[in-house]
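Structure record follows, encoded as C-alpha cells.
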Amino acid sequence: MKNYRTKIISNQEISPGYFRMKILAPGFGENAHAGQFIMFRVQRSLPPLLRRPFGIFRTGFLPADCDGLPPKEFVEIVYKVVGSGTSIMAELHEGDKVELLGPLGNGFDCTSRKGEKILVGGGIGLVPLYMLAGELVDNGCKVRLLMGGRTRDDILAVTEFERLGVETYISTDDGSLGEAGLVTQVLERKLQKYPETEVFTCGPMPMLAAVHDICVKYKTPLQVSLEESMACGVGACLGCVVKGAGHTEEKPSYLCSCKVGPVFKSQYLDWSAIGKTDKDCGGCA
Amino acid sequence: MSELKKDIVRRPDMSVEIAGIKLRNPVMPASGTFGYGEEYTPFIDMEKIGAIVTKGLSLKPKAGNPTPRIAETVSGMLNAIGLQNVGIDAFIQHKMPFLRTVNTPVIANFFGNTLEEYGEVAKRLNDIPEIAAGELNISCPNVKQGGIVFGTDPKAASEVVALVRKNLQKPLIVKLTPNVTDITVVARAVEEAGADAIACINTLTGMSVDVNTRKPRIANMTGGLSGPAIRPVAVRMVHQVVQTVSVPVIGIGGIVKAMDALEFLIVGAKAVQVGTANFVDPTAMISIIEGIEEFLVAEGIDDIHDLIGSLKF
Ligand SMILES: Cc1cc2nc3c(=O)[nH]c(=O)nc-3n(C[C@H](O)[C@H](O)[C@H](O)COP(=O)(O)OP(=O)(O)OC[C@H]3O[C@@H](n4cnc5c(N)ncnc54)[C@H](O)[C@@H]3O)c2cc1C
Ligand SMILES: Cc1cc2nc3c(=O)[nH]c(=O)nc-3n(C[C@H](O)[C@H](O)[C@H](O)COP(=O)(O)O)c2cc1C
Ligand code: FES
C-alpha cells in the first residue's frame, strides 16, 4: 500500500448520478486484489476533512501512445454521488491532481475452485465484484452475477461482466430492467438449481442481511464486503469496526473493517445488527 | 564551499527536550490517531518524527463502544471509540517488537478505569525499557467515583497524578481535557502533583444529529470533537496553560499543516501532536516538520527555542 499523489486520467458519468474515474497509479495493480479499496482525498483544501473509501473496480494499463513511453498504469473506481465529497468528485476533470491510499484491506478469498460462483451485487455494490469476477474466471470457475437496483439507472457495467464470460441476471425494484423484484428472490432460485455454490456479495446492508439469511438456509458459504464509515482506512483509528461472531455485551468482539475486512466470511460476523438499523446506506443503490 | 554558501545550507536546530526526553524535532502523533505506529510505516519514516505516541493503553484489553463510532462534522470529526486497545500485556508482546526497532522515543499513552488501575498500568510501564515516557490520559470516566471525570475535577486530577507519579519511574506527561471552565486550575493541580509536562488538549465533547432519522450520528450519542474545527480553542488553552505552569507544554488540536503547528509554538508549546490530520494525509507530520524548518530558515532563526513562546502582545 502506498500514498499516491497523482492525477485523474478520466472521470465520466456512466448513468445518472454514477461516475467512473480512472486515476494514474504506477505499480498499483501488482498488489491489488478483488475486494480491496482505496482512500481517496476529494480535494487538497478542506472540507471535506476525511478521505472517502472506494472499492477497486479494476486496474490496468492505458494503451501505449506514440510518445514511446511505457504504458501508464491506472486504478479505476465507480462511484455514486450521495453527498458533499462525491459531489466534488463529480466535478473533477482529466489532469486534476488527487491523492489516494491503497490498495487497502483484505479482499475476497477466491482460492476455493470447486463448484459454481454466484456474485450478488446491489447498485454500487457491484464495484468490487467486477475484479472478483475476473479473478474467478481466470481460476476457471463458472461465474454468475445477480445484479439488483431500484431502477434501470442503478444497473451498471453489465456488458463488461458479460465480456468476461459471466452470466448475468438483472432485477429492479420497479421492473424497469430485467425481472421486477428483489435480487434475493433470484438468488434463492439459483441456489435451488445449483446447490454446490459459493456466494460473494456487496451492496446495501439490508440486502447483505437477506443474502446471509438465504445462504444460511441453503448452507452455502458466503463472503460479504461491508461498507462502514472510515476515517483512516489503515487500522489506526478503530472507527470502522463491526461486531464479530459471538459478540456479547460481556465479551465484546469488534473487528476492524478496514484492516480485517472489508470482506468477511459471513460466519465470522455477528449478523444480529447488520441491515436492521435505518442507517441510510447512501453509498449503495 | 564558500562561507556564504555554508550559511545558506545550515539547518536550524529543531531539537527540543520534553520532560527529559530529547526529541529530534517537536512533532509527534496524537494518541489514538496513529495506532501503535506500525500502521503508518508504509507511508512515513518513523525516524523522521520527534516521537511515537501509542493508542491509550489500559491494564486489561478494552473492546470500546458500539458503532457507528465516527462522524465527520464541519472541519472536524466526532469519535466515540471508547478507548479500544489491546491491553498492556498484548502491547508488550505484540506491539513492542516493532517499536523496539525504531530509533525514535516512544511515549505510552495510558489510562485506568479506577485510581488503582492507573497506578497499576504506570507500574507496568516501568518494565518496558524502550518506553521513554508515560502520557497519562485523565479524560475518561472514573467509574468508582460515580462517573466524575478525573480530568475535570482538580482534586481528583491531582490525586491520580500523585499516585501515578509515585508508581512511574519515567517522565510523566499529563494530558488535559478541554471540557472544563478553567483549564489553568487543573493544569496547576497536576503540575503540583508531579507532572513533568502537560499535553493539551484532548477532544471537546460534541454531538451531531442525522436530521433524516433524527438520531445521533454516533451510537454513543456524544463524542469527542477533533480536527481543524477545534484549533482556536486549543491555541487559547495552550496559551493559558503556558502562562500558568513552568513545565513544558505540548500543544494539540487541529494541526494539519506547518502554519498550524507554528501557532502553538509561538504561544509557547515546546512540542506539538498531530491527530486527525494523520487520517487526512498520512504524510502530514513530515510536511509539518519540513514546513517548520522552512519557516525558521526564512525567518533567519537558528534554534527553534527562539521561536517558542515568541508571541507578541
Ligand atoms: C470499503 C468501502 C468501499 C466503498 N466502495 C464504494 C464504491 O465503490 N463506490 C461508491 O460509490 N461508494 C463506495 N463506498 C461508499 C462511499 O465511501 C460513500 O458513498 C462516500 O464516502 C460518501 O461520501 P460523500 O461525502 O459524498 O457523502 P457524505 O456527505 O459523507 O454522506 C452522504 C450520505 O452517504 C452516506 N455514507 C457516507 N459514507 C458511507 C459509507 N461508507 N457507506 C455507506 N454510506 C455512506 C451517509 O450516511 C449519508 O447518508 C464504499 C465504502 C466503503 C467503506
Ligand atoms: C479516533 C481518535 C482516537 C483517540 N484516542 C485517544 C486515546 O486513546 N488517548 C488520548 O489521550 N487521546 C485520544 N484521542 C485524542 C487525540 O489524541 C487528540 O488529543 C485530539 O484528537 C485532538 O487533536 P487533533 O485535532 O489533532 O485530532 C483520540 C482522537 C481521535 C480522533
Ligand atoms: S478506518 Fe480507521 S481503523 Fe478502520
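So is B:MET28 open to solvent by 10 Å² or more (accessible area, probe 1.4 Å), within 24 Å of B:GLY268 (Cα to Cα), in contact with a helix residue (DSSP H, G or I) (Cβ under 8 Å, 6 or more places away or on another chain) and away from chain A (no Cβ under 14 Å) or not?
For B:MET28, the condition - open to solvent by 10 Å² or more (accessible area, probe 1.4 Å), within 24 Å of B:GLY268 (Cα to Cα), in contact with a helix residue (DSSP H, G or I) (Cβ under 8 Å, 6 or more places away or on another chain) and away from chain A (no Cβ under 14 Å) - is not met.
Looking only at the stretch B:222-244, count how many residues are away from every other protein chain (no Cβ under 13 Å) and touching a residue at least 24 places away in the same chain (Cβ under 8 Å).
The total comes to 12.
Looking only at the stretch B:47-60, count how many residues are in a loop (DSSP other than H, G, I, E, B) and within 21 Å of the chain's Cα centre (by Cα).
8
Here's a check for you: in the stretch B:40-70, which residue that is at the interface with chain A (Cβ under 10 Å from one of its Cβ atoms) and of a type in the set (Gly, Ala, Ser) is nearest to A:PRO252 (Cα to Cα)?
Among them, the one singled out is B:ALA63.
So, restricting to strands (runs of 3 or more DSSP E) that lie completely within the stretch A:192-277, which ones have at least 1 residues that are free of Cβ contacts under 8 Å to residues at least 24 places away in the same chain?
The qualifying strands (runs of 3 or more DSSP E) are A:241-243, A:254-256.
Just to be sure before I move on: is A:PRO53 within 14 Å of another protein chain (Cβ to nearest Cβ) and either of a type outside the set (Phe, Trp, Tyr) or in contact with a Gly (Cβ under 6 Å, 6 or more places away or on another chain) (or both) in the structure I sent?
So A:PRO53 passes the test.
With the condition being closer than 18 Å to B:PHE43 by Cα and under 15 Å from the mean Cα position of the chain (by Cα), I'd like the helices (runs of 4 or more DSSP H) fully within the stretch B:254-313 carrying at least 2 qualifying residues.
B:277-280
Criterion first (more than 11 Å from chain A (Cβ to nearest Cβ) and either basic (Lys, Arg) or within 19 Å of the chain's Cα centre (by Cα) (or both)) does B:GLY82 satisfy it?
no
Does A:LYS72 count as open to solvent by 70 Å² or more (accessible area, probe 1.4 Å) and more than 16 Å from ligand 2 (Cβ to nearest atom)?
Yes; evaluated as a whole, the condition is true for this residue.
Every residue, every condition in (1) touching a strand residue (DSSP E or B) at 6+ places or on another chain (Cβ under 7 Å); (2) away from ligand 1 (no atom under 16 Å from the Cβ); (3) closer than 30 Å to B:GLU294 by Cβ; (4) hydroxyl-bearing (Ser, Thr, Tyr), yes or no:
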site: B:THR205; (1), (2), (3), (4): yes, yes, no, yes
site: B:VAL209; (1), (2), (3), (4): yes, no, no, no
site: B:ALA219; (1), (2), (3), (4): no, no, no, no
site: B:VAL235; (1), (2), (3), (4): no, yes, yes, no
site: B:THR244; (1), (2), (3), (4): no, yes, no, yes
site: B:PRO248; (1), (2), (3), (4): yes, yes, yes, no
site: B:GLY253; (1), (2), (3), (4): no, yes, yes, no
site: B:GLU263; (1), (2), (3), (4): no, yes, yes, no
site: B:THR276; (1), (2), (3), (4): yes, no, yes, yes
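Report yes if some residue within the stretch A:50-60 is of a type outside the set (Ser, Thr, Tyr) and more than 23 Å from A:CYS258 (Cα to Cα); otherwise report no.
yes
Take the residues of the stretch A:194-234 that are within 16 Å of ligand 1 (Cβ to nearest atom) and among the acidic types (Asp, Glu): which is nearest to the other protein chains (Cβ to nearest Cβ)?
Residue satisfying both the conditions and the ranking: A:GLU228.
When you check B:ARG100 against the structure, is it touching an Asp or Glu at 6+ places or on another chain (Cβ under 7 Å) and not hydrophobic (A, V, I, L, M, F, W, C), yes or no?
yes
If I ask for residues that are among the charged types (D, E, K, R) and open to solvent by less than 50 Å² (accessible area, probe 1.4 Å), which ones from the stretch A:79-95 would you list?
A:LYS80
Can you name the residue in the stretch A:235-265 that is buried (at least 16 other Cβ atoms within 10 Å of the Cβ), more than 8 Å from chain B (Cβ to nearest Cβ) and aliphatic (A, V, I, L, M) and is also nearest to A:GLU116 (Cα to Cα) among such residues?
The residue in question is A:VAL263.
Search the stretch A:127-145 for residues being in a helix (DSSP H, G or I) and out of contact with any Phe, Trp or Tyr (no Cβ under 8 Å at 6 or more places or on another chain), and hand back the single one that is most open to solvent (accessible area, probe 1.4 Å).
Ranking the qualifying residues of the stretch A:127-145, first place goes to A:ASP138.
For the stretch A:19-50, name all the residues that are open to solvent by less than 20 Å² (accessible area, probe 1.4 Å), within 11 Å of chain B (Cβ to nearest Cβ) and in contact (Cβ under 8 Å) with a residue 24 or more places away in the chain.
Residues satisfying the conditions are A:MET39, A:VAL42, A:PRO48, A:LEU50.
Yes/no matrix, rows are residues, columns are (1) of a type in the set (A, V, I, L, M, F, W, C); (2) out of contact with any Lys or Arg (no Cβ under 7 Å at 6 or more places or on another chain); (3) away from ligand 2 (no atom under 16 Å from the Cβ); (4) at pLDDT 90 or above:
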| site | (1), (2), (3), (4) |
| --- | --- |
| A:ILE214 | yes, yes, yes, yes |
| A:MET230 | yes, yes, no, yes |
| A:LYS276 | no, yes, yes, no |
| A:CYS281 | yes, yes, yes, no |
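Residue by residue through the stretch A:2-18, note down the ones that are buried (at least 19 other Cβ atoms within 10 Å of the Cβ) and within 14 Å of chain B (Cβ to nearest Cβ).
Hit for the stretch A:2-18 is A:TYR4, nothing else.
The values are calculated or read from the model by the stated rules, or taken from the named source; none is laboratory data. The structure displayed is predicted, hence computed values, not measured ones. Glycine also receives a Cβ, built like all others from the backbone with ideal geometry; neighbour counts cover every protein chain displayed. These accessible areas exclude ligands, DNA and RNA; they are computed on the full protein's heavy atoms, side chains included. Shrake-Rupley method; radii C 1.70, N 1.55, O 1.52, S 1.80 Å.
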